[in-house]
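Working notes, structure below.
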Amino acid sequence: MQKQFDLSGKTALVTGCNTGLGQAMAVALAQAGCDVVGVNRSEPTETTKHVAATGRTFFDVRADLSDKTAIPKAFEEALAATGHLDILVNNAGIIRREDAVEFSEEDWDAVMNLNIRSLFFLSQLVAKQFIKQGWGGKIINIASMLSYQGGVRVPSYTASKSAVLGLTKALANEWAKHNINVNAIAPGYMETNNTQALRADVDRNKAILERIPAERWGTPEDIAGPCVFLASEASAYVHGFTLAVDGGWLAR
Ligand code: NAP
């Protein structure tokens, strides 16, 4: 059974892995035996160190993925560094908060460009490469509770993450026959920079905690195991599914 989770000899591309959930997944994939290419805007200093500590190699590619011309460039750089790709984790994502009646076009475009547009076009390039290589591959998209729920004051985030859930199914339908598994992870409320403001708001923090059956915020490490599972042979027959890692939030 352990062999099914072994990622030795594989290469994973993880977007937005200089911190938070992306960092935890990059390190977990390395611990499972994988070399990792990180695509980040900022220098992934900590992640480079943590991956090196596992004995695996970390390749540092810099790109602003919300810029459409940067996506093919980052992909080519990643491929040139590693020679092949086996796993893509579409993690980079942002959120903008404002009342829907005041929500600006800029906040709409910024979120949609990164959270769904870049996810689609990077997946397209990687899937072409998987098909060319001929041995399949794994795509793991990062969704959200707002792939299922409406949220408040985050219209572009909800739109983008609902699209992640739908697109995960659409791409699985086309690519499963190539032995490519497209799945998603929907994290619940996790302790990262992304949720700093929510956690600092005493009332919101209390309300959130009262609604989580596990009675705690998730940690980035909570999605390490699910990520390795979806990146491994153990999930060979899992296609188009979004796995909630939410302390029971959706069960409530
Ligand atoms: P985070 O701590 O804010 O990290 C976001 C990552 O995305 C960073 O590495 C950031 O790099 C990168 N990024 C942002 N804009 C980018 C761009 N234009 N180009 C390339 N990289 C960019 O967020 P997180 O909480 O770990 O979230 C990771 C993913 O999980 C996101 O998709 C988020 O929506 C999703 N999620 C998070 C939660 C949660 O509770 N935390 C819940 C559900 C879903 P820079 O630092 O260089 O900008």
Next on the checklist: Here are the criteria: (1) assigned to a helix (DSSP H, G or I); (2) more than 11 Å from the ligand (Cβ to nearest atom); (3) under 15 Å from Leu243 (Cα atoms). Tell me which single one Asn181 does not satisfy.
Outcome noted: (1)
Checklist outcome for this item: Taking region 54-73 and keeping only residues that are touching a helix residue (DSSP H, G or I) at 6+ places or on another chain (Cβ under 8 Å), hydrophobic (A, V, I, L, M, F, W, C) and within 13 Å of the ligand (Cβ to nearest atom), one is left with Val61, Ala63, Leu65, Ile71
Item to check | Matching residues in region 74-94 - criterion: being outside any helix (DSSP H, G or I) and more than 10 Å from the ligand (Cβ to nearest atom) | outcome: Gly83, His84, Leu85, Asp86, Ile87, Leu88
Checklist entry - So how many residues does region 1-18 have that are over 12 Å from the mean Cα position of the chain (by Cα), modelled with pLDDT of 95 or more and in a loop (DSSP other than H, G, I, E, B)? => result 6
Next on the checklist: Looking at region 33-56, I want the residues that are assigned to a strand (DSSP E or B) and have a partner that is more than 9 Å from the ligand (Cβ to nearest atom) and of a type in the set (Lys, Arg) with Cβ atoms under 9 Å, at least 6 apart or on another chain. Which pairs are those?
Outcome noted: Asp35/Lys10; Asp35/Arg56; Val36/Arg56
Checklist entry - Could we say that Val228 is assigned to a helix (DSSP H, G or I) and within 27 Å of Asn18 (Cβ to Cβ) here? => result yes
Checklist outcome for this item: Taking first residues from region 206-219 that are away from the ligand (no atom under 13 Å from the Cβ) and second residues anywhere that are modelled with pLDDT of 95 or more and small (Gly, Ala, Ser), the pairs with Cβ under 9 Å that are 6 or more apart or on different chains are Pro213/Gly247; Pro213/Gly248; Pro213/Ala251; Ala214/Gly188; Ala214/Gly247; Ala214/Gly248; Glu215/Gly247
Next on the checklist: Could you check region 120-140 and list, in sequence order, the residues that are within 15 Å of the ligand (Cβ to nearest atom), without any contact (Cβ under 8 Å) to a residue 60 or more places away in the chain and not in a helix (DSSP H, G or I)?
Outcome noted: Ile139
Checklist entry - Which of (1) within 14 Å of the ligand (Cβ to nearest atom); (2) closer than 24 Å to Asp99 by Cβ; (3) surrounded by fewer than 19 Cβ atoms within 10 Å (Cβ to Cβ) is the odd one out, the single condition Thr158 does not satisfy? => result (3)
Next on the checklist: I need every pair where a residue in region 141-169 that is without any contact (Cβ under 8 Å) to a residue 40 or more places away in the chain has its Cβ under 6 Å from the Cβ of a residue that is of a type in the set (Gly, Ala, Ser) and within 13 Å of the ligand (Cβ to nearest atom), sequence separation at least 6 or different chains.
Outcome noted: Thr158/Gly151; Ser162/Ser147
Checklist outcome for this item: When Val111 is run through (1) farther than 15 Å from Ala163 by Cβ; (2) under 18 Å from the mean Cα position of the chain (by Cα); (3) within 13 Å of the ligand (Cβ to nearest atom); (4) not hydroxyl-bearing (Ser, Thr, Tyr), the failure sits at (1)
Next on the checklist: Given the options Ala12, Ala32, Ala28, name the one that is farther than 21 Å from Gly83 by Cα, touching an Asp or Glu at 6+ places or on another chain (Cβ under 9 Å) and away from the ligand (no atom under 13 Å from the Cβ).
Outcome noted: Ala28
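The values are calculated or read from the model by the stated rules, or taken from the named source; none is laboratory data. Everything numeric here is computed off the predicted structure, so don't read it as measured data. Glycine also receives a Cβ, built like all others from the backbone with ideal geometry; neighbour counts cover every protein chain displayed.
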